[in-house]
Amino acid sequence: MEFLDRTDMGEGSKVASHPKLTLSMVMKNESERYLRKVLEEIRDYIDEAVIIDDGSTDNSAEVCLEVLKGIPVRIIRNDISKFSNEIELRKIQWTETVKSNPDWILNLDADEVFENRFKEEVRQLISDQEVDVYCFRLYDFWNETHYREDEHWCAHQYYRPFLVRYREGFECKWNDRPQHCGRFAENVFELPHKLSDIRLKHLGWVKKEDRMAKFKRYRELDPDGTYGSTEQYQSILDENPNLIRFEE
């Protein structure tokens, strides 16, 4: 495991006069996908970033440093990817993120971006002293403008935590599944939480080649559907899925 810590920003760096918002991200070989687009959006409202580079062989880390110039960034590089045992990866992500003593943690993947409202409202959200966890709906985009909705693709009908206040002393209880384990400890809902109507866009399914790569990965890591659904995995190959235009 290798560490890259850029905390001395010098002239032009951000100085937070509000609750510190820390981006926590896991990535692997994302430089030619959506990483730059996502970070260019995120940099407008985060105060620092802690990024787990899970065995990248491209220049993803360099893209992070370039786009997030002027913001403290800590990159932890895994020499060998740990995604085959995702729970181990998520525990590392949490441990390394809280080392920076964040006020709030925003946990996003490198292919996820909020609709425009989030940028305008996030400071108001994290200033609410009565809320420690915000949950959002995640929309799986199947092209640049439409998300998928059918019996297998309905994640956007449910709320999941992506924004969490860090409470020192909070004892995490993890869902120890090697796949589909969740990004935060499963007992995070013991903290005061709230549902937000701001939507999150998941771009990881937009390109056919990315869908095929995900299909192969899920079939390899979970061939019997022990942790997910074999029917959903197979449905990735559908040629004519039901798509709905995303309107902001």
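The values are calculated or read from the model by the stated rules, or taken from the named source; none is laboratory data. On a predicted model such as this, the values are computed, not experimentally measured, just so you know. Because the Cβ atoms are built from the backbone with ideal geometry, glycine has one as well, and the counts that use them run over all protein chains shown. Heavy atoms of the whole protein, side chains included, go into the accessibility calculation; ligands, DNA and RNA do not. Shrake-Rupley method; radii C 1.70, N 1.55, O 1.52, S 1.80 Å.
May I ask you to give the solvent-accessible area per residue for the stretch 166-248, in square angstrom, as obtained with a 1.4 angstrom probe?
Value returned for the stretch 166-248: 61 Å² of accessible area per residue.
In whole percent, and with a 1.4 Å probe on the protein chains, what portion of the accessible area of the chain is carbon and sulfur?
For the chain, the apolar C and S fraction of the accessible surface comes to 44 percent.
Can you tell me how the stretch 12-112 classifies by the Cα gyration tensor, rounded, prolate or oblate, using a/c under 1.5 as the rounded cut?
Values: a/c = 1.99, a/b = 1.28, b/c = 1.55.
Because a/c hits 1.5 or more and a/b fails to exceed b/c, the stretch 12-112 counts as oblate.
What does the net charge come to around residue 187 if you take all other residues with beta carbon closer than 9 Å to its beta carbon, with K and R at +1 and D and E at -1?
-2
Write out the GluC sites (Glu not before Pro) in the stretch 185-246 meeting two conditions: DSSP loop, and at most 10 other Cβ atoms within 10 Å of their Cβ. Present the calculation step by step, with values, prior to reporting the outcome.
Numbers: sites: 186, 190, 209, 220, 231, 239; in loops: 239.
Here the GluC sites (Glu not before Pro) that fit, given the DSSP loop and packing criteria, are 239.
Suppose we keep just the DSSP beta bridges with both residues in the chain; what percent of those would be antiparallel, to 5?
45
Which whole-number value in Å² is the accessible area per residue of the stretch 25-136, probe 1.4 Å?
38
Expressed as a rounded percentage, what relative contact order does the stretch 89-229 have, with Cα pairs under 8 Å and six or more residues apart? Before the final figure, lay out each step's value.
Working: 187 pairs, mean separation 48.0, N = 141.
Here the relative contact order equals 34 percent.
Can you give me the C-alpha center-to-center distance between the stretch 216-248 and the stretch 44-72, rounded to a whole angstrom?
About 29 Å separates the Cα centre of the stretch 216-248 from the one of the stretch 44-72.
What pairs in 99/173; 119/173; 69/214; 82/173; 20/69; 28/201 have C-alpha atoms more than 24 Å from each other?
Pairs exceeding the cut-off: 119/173; 69/214.
Give me the base-10 log of I(q)/I(0) for the stretch 131-184 at each q in 0.14, 0.19, 0.24 Å⁻¹, Debye formula, one uniform scatterer per Cα, rounded to two decimals.
-0.54, -0.85, -1.05
Once you order the gyration tensor axes a ≥ b ≥ c over the Cα atoms, which shape class does the chain get: rounded for a/c under 1.5, otherwise prolate or oblate by comparing a/b with b/c?
Taking the square roots of the gyration eigenvalues as a ≥ b ≥ c, the chain is rounded.
Say we join alpha carbon atoms closer than 10 Å with springs in a Gaussian network model of the chain; which of 61, 185, 213 then has the biggest fluctuation?
Its mean-square fluctuation being the largest, the pick is 213.
Do you know the relative contact order of the chain, to the nearest whole percent, from alpha carbon pairs under 8 angstrom that are 6+ apart?
21
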